[in-house]
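Asker: Have a look at this one before I ask anything.
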Amino acid sequence: MNRCIQSSLLLLSLVSIALAGGTKPVLVETGSVFDYPKTDPYDLTNLYGFNHAPSITRLADGRLLSAWFSGPYEGSVHQLIFGCYSSDDGRAWDAGAVLNDQPRKSDFDPAFISDGGRTWLFYSAGRWNRYPFVGGRDKEKLEVGIDSYQLFARYTDDSGRTWSEEKRIGEQTGSGSRSNGIKLSSGDLVLPMHRFDSKAPAIMKSADGGVTWNYILGPTVPDGAFAAEPTIAECGSGKLLMLVRSRDGWMWSSESTDRGESWSPLLQSDLPAAASSHSLLRVSDGRLILTHNPSKPPLRTPLTVRVSNDEGKTWNEPLEIDRVEVPAEGDEVYSRQAAYPSAVEMADGTVMIVWTRISVSPTEQFGKIRWARVKFE
């Protein structure tokens with residue numbers, strides 16, 4: 001293919017992105033869910049300094065609940081699941097509380113499924129030995145004990161006032177969730193999953209309201225490729241769309257036409273994407289809302305929102321909702337991020353998005369949970 005044809009195809013691709021999805025989303029307001037003043041990963045009194053990977057849901061009583069993993073640094077044995085509630089549509093949040101803490105283990109990656117009056121909370125827990133210098137120069141030494149991780153769940157039938165006993169979900173090890181699951185039009189519950197070692201995407205699926213769960217492998221990952229932290233949505237046509245995190249700087253996707261029982265081969269899109277978690281949400285009018293980092297690895301900034309009217313075939317121009325300063329050459333800070341979003345539709349049709357702002361250095365590490373409300377005209 002000659003350069004002229006390639007340039008024409010690229011122009012057509014960019015035009016299709018610009019025209020799809022209608023009007024550009026509009027930022028209504030933004031604020032903070034949770035900030036913690038201590039940032040030293042070696043400080044024994046720093047219990048909740050590093051906050052990462054938030055998820056958000058609307059409870060049966062209309063309140064919002066956002067949950068994430070929290071500790072002095074990522075992978076600490078003191079790491080637990082922490083959450084905050086909001087009674088005024090996210091403008092103010094309570095002081096927060098521990099939602100789960102397995103003794104002598106690291107709790108990771110909470111995710112929700114809303115099933116009528118019941119809200120499910122999923123998370124993984126195990127031993128993952130990590131140095132405090134997460135994202136630093138010795139990254140290849142960081143991951144140990146992955147196979148100890150297992151998936152667990154609790155549920156609430158009274159909007160978070162009480163929670164069920166912890167229950168292990170499935171028999172697989174070395175796996176976890178990241179993004180919220182969904183209730184399909186069929187009534188099935190589906191939770192996106194991935195393996196920590198092979199990075200293979202998968203789902204957990206229940207056809208009996210969460211009494212039993214089946215582990216189903218997702219799309220096959222090509223040799224040498226990377227596909228992790230899937231996010232899913234059910235389209236108006238009934239197909240499931242899965243987007244995955246990759247390392248090559250592009251968004252990859254897969255589809256299922258049999259409610260997640262099988263998946264099409266992964267397809268590379270023309271959307272730039274960081275090696276970071278994405279959030280895919282279908283709102284009540286059928287549109288898909290995508291929140292992600294349109295940046296090449298290793299960057300995880302800025303954070304943007306796009307809309308699709310055609311089940312993810314094309315996307316409109318992005319709205320930027322957050323940006324952080326990239327560390328300069330020689331800077332002692334290893335990483336700054338505005339990443340790992342999660343979104344939920346509100347009663348008025350707006351969308352509430354939460355994410356984390358992270359800064360990592362040898363002496364200071366912190367993650368702060370942020371929120372934004374976006375409307376679509």
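The values are calculated or read from the model by the stated rules, or taken from the named source; none is laboratory data. Treat the numbers as computed from the prediction; the structure is a model and nothing was measured. Cβ placement follows ideal geometry from the backbone for every residue including glycine, while neighbour counts extend to all protein chains displayed.
For every residue, the table says whether it meets (1) among the hydrophobic types (A, V, I, L, M, F, W, C); (2) under 19 Å from the mean Cα position of the chain (by Cα); (3) part of a strand (DSSP E or B).
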residue	(1), (2), (3)
222	no, no, no
225	yes, no, no
229	no, yes, yes
254	no, yes, yes
275	yes, yes, no
285	no, no, no
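Asker: Which number in (1) farther than 27 Å from residue 81 by Cα; (2) surrounded by 23 or more Cβ atoms within 10 Å (Cβ to Cβ); (3) in contact with a Pro (Cβ under 6 Å, 6 or more places away or on another chain) marks the one condition that residue 266 misses?
Answerer: Answer for residue 266: the failing condition is (2).
Asker: Still on this structure, I have one more. Kindly indicate which of 13, 7, 32 is polar (S, T, N, Q), within 28 Å of residue 288 (Cβ to Cβ) and either surrounded by 14 or more Cβ atoms within 10 Å (Cβ to Cβ) or modelled with pLDDT under 95 (or both). Give the steps one after another, and end with the answer.
Answerer: On the way: 7 fails: within 28 Å of residue 288 (Cβ to Cβ); 32 fails: either surrounded by 14 or more Cβ atoms within 10 Å (Cβ to Cβ) or modelled with pLDDT under 95 (or both).
Of 13, 7, 32, the one residue that is polar (S, T, N, Q), within 28 Å of residue 288 (Cβ to Cβ) and either surrounded by 14 or more Cβ atoms within 10 Å (Cβ to Cβ) or modelled with pLDDT under 95 (or both) is 13.
Asker: Right, next: Keeping to region 321-338, report how many residues are part of a strand (DSSP E or B) and under 15 Å from residue 30 (Cα atoms). Spell out how you get there, then give the answer.
Answerer: Applying the first criterion (part of a strand (DSSP E or B)) to region 321-338 yields 321-322, 335-338.
Filter once more, keeping what is under 15 Å from residue 30 (Cα atoms): 321-322, 338.
Of the residues in that region, 3 qualify.
Asker: Here's something else I'd like to know. Can you list residue pairs whose Cβ atoms sit under 9 Å apart, with the first residue in region 103-115 being of a type in the set (Val, Ile, Thr) and the second being assigned to a loop (DSSP other than H, G, I, E, B)? Count only pairs 6 or more apart in sequence or on different chains.
Answerer: Partner pairs satisfying both residue conditions: 113/180; 113/181; 113/210.
Asker: Given the conditions (1) out of contact with any Phe, Trp or Tyr (no Cβ under 8 Å at 6 or more places or on another chain); (2) modelled with pLDDT of 95 or more; (3) buried (at least 22 other Cβ atoms within 10 Å of the Cβ); (4) of a type outside the set (Phe, Trp, Tyr), report the number of the one that residue 316 does not fulfil.
Answerer: Of the numbered conditions (1) out of contact with any Phe, Trp or Tyr (no Cβ under 8 Å at 6 or more places or on another chain); (2) modelled with pLDDT of 95 or more; (3) buried (at least 22 other Cβ atoms within 10 Å of the Cβ); (4) of a type outside the set (Phe, Trp, Tyr), the odd one out for residue 316 is (2).
Asker: Tell me which of these residue 118 doesn't satisfy, since it passes every other one: (1) within 25 Å of residue 39 (Cβ to Cβ); (2) charged (D, E, K, R); (3) modelled with pLDDT of 95 or more.
Answerer: Of (1) within 25 Å of residue 39 (Cβ to Cβ); (2) charged (D, E, K, R); (3) modelled with pLDDT of 95 or more, only one is false for residue 118: (1).
Asker: Looking only at region 175-217, filter to residues that are assigned to a strand (DSSP E or B) and farther than 24 Å from residue 344 by Cα; which one of those is modelled with the lowest pLDDT? Working first, answer last.
Answerer: Going through region 175-217, the residues assigned to a strand (DSSP E or B) turn out to be 175-177, 182-183, 189-195, 201-206, 214-217.
Going one step further and asking which of them are farther than 24 Å from residue 344 by Cα, we end up with 175, 195, 214-217.
Details: 175: 91, 195: 88, 214: 97, 215: 97, 216: 97, 217: 95.
Here the answer is 195.
Asker: Moving to a separate point now. Tell me which residues, restricted to region 287-320, are under 18 Å from residue 179 (Cα atoms), not aliphatic (A, V, I, L, M) and not in a loop (DSSP other than H, G, I, E, B).
Answerer: 291, 292, 304, 306
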